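Down below is the structure, laid out as structure tokens.
The values are calculated or read from the model by the stated rules, or taken from the named source; none is laboratory data. Everything quoted here is computed from the prediction, not taken from an experiment. Cβ placement follows ideal geometry from the backbone for every residue including glycine, while neighbour counts extend to all protein chains displayed.
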Amino acid sequence: MSWSPRTRRSVPGRYTQYRASATGSLFAALAVILLGIAFEFGQKLISGRSCETRDMFINSFGVLTGILIGLFASRIRHISPRVPAD
């Protein structure tokens, strides 16, 4: 995944920071959801475990909730506070 100049910002004297983009977040969410589905199917191979569709939906909901919270926190962090005029 490549970073565009819009999502990259450099802080003088500090490391380069990357802001979460909506596209990157959706790509990450899709990848993690697919990984969770693969783990659910992998549970069929373990005795005493079962593969349930309900678990797949619950995992997907948790991933999307985490991504939304991360995007929201990223936006809040980058809002600069107003400084009162002298």
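Key figures
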item	result
Number of the condition not met by Ala20 [criteria: (1) assigned to a helix (DSSP H, G or I); (2) at pLDDT below 80]	(1)
Segment 36-50 residues that are within 16 Å of Phe61 (Cα to Cα), paired with ones that are among the aliphatic types (A, V, I, L, M) (beta carbon under 6 Å, 6 or more apart)	Ile37/Met56; Glu40/Met56
